1. Filter the range 75-107 for residues that are aromatic (Phe, Trp, Tyr) and assigned to a loop (DSSP other than H, G, I, E, B); which is nearest to the chain's Cα centre (by Cα)?
2. Under 6 Å between Cβ atoms, at least 6 apart or on separate chains: pull out the pairs that start in the range 68-83 with a residue that is over 17 Å from Thr49 (Cα atoms) and end on any residue that is of a type outside the set (D, E, K, R) and surrounded by 14 or more Cβ atoms within 10 Å (Cβ to Cβ).
3. Return yes when Arg120 is more than 29 Å from Pro14 (Cα to Cα), surrounded by 13 or more Cβ atoms within 10 Å (Cβ to Cβ) and among the charged types (D, E, K, R) and no when it is not.
Amino acid sequence: MTEQTTEDDAHRRPPGVDDATVAAVGKLSEALETAERARGHLYSFHQLTGSADLQLGDAVEKLAEAGHTELADRLRADLVGRNVLYGRWTFQVVEEYDDGYHARFRAAEKTVRDELLRGRRHVFEAEMKADRRTHGAEGHEARP
């Protein structure tokens with residue numbers, strides 16, 4: 001890929017930026033995208049765990065209604081509403097991830113883009129698109 005190969009100014013490589021820099025920033029952005037996926041899984045973990053706890057509560061009530069009150073009481077005392085990590089419910093895990101690691105990662109990636117690519121996003125991918133698409137063919141348009 002070479003300088004100024006995209007048709008989209010918002011994703012065009014700034015003058016004087018070399019291939020190695022574009023590739024390095026692209027790799028950093030890819031790493032952030034992976035962290036974003038991990039964050040999504042963390043939110044899935046949060047919602048699934050919350051749903052499991054509510055279902056557990058329903059099951060405990062059904063056990064009690066079926067006459068198994070001692071067993072229901074043990075489950076209610078030990079498991080319903082239990083922390084998933086020491087001192088934490090899943091919302092606290094999500095908040096700590098969001099406010100700590102995730103926030104720092106996003107800020108670092110933005111700082112690198114700002115300093116090296118004038119804040120432009122997806123320069124590497126835009127150049128890959130320009131290189132791989134069939135110019136003039138339907139479904140291969142440069143821009144919407």
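1. First, pick out the residues of the range 75-107 that are aromatic (Phe, Trp, Tyr): 86, 89, 91, 97, 101, 105.
Adding the requirement that they be assigned to a loop (DSSP other than H, G, I, E, B) leaves 86, 89.
Details: Tyr86: 24, Trp89: 20 Å.
Of everything passing the filter in the range 75-107, Trp89 is nearest to the chain's Cα centre (by Cα).
2. Within 6 Å, the pairs are Leu71/Leu63; Ala72/Val60; Ala72/Leu63; Ala72/Ala64.
3. Values: more than 29 Å from Pro14 (Cα to Cα): no; surrounded by 13 or more Cβ atoms within 10 Å (Cβ to Cβ): yes; among the charged types (D, E, K, R): yes.
Here the answer is no, as Arg120 does not meet what is asked.
Only the coordinates and a few stated rules stand behind these numbers; no lab work does. Every value quoted in this text rests on a predicted model; they were computed, and no experiment measured them. Glycine gets a Cβ as well: all are built from the backbone with ideal geometry, and neighbour counts include every protein chain shown.
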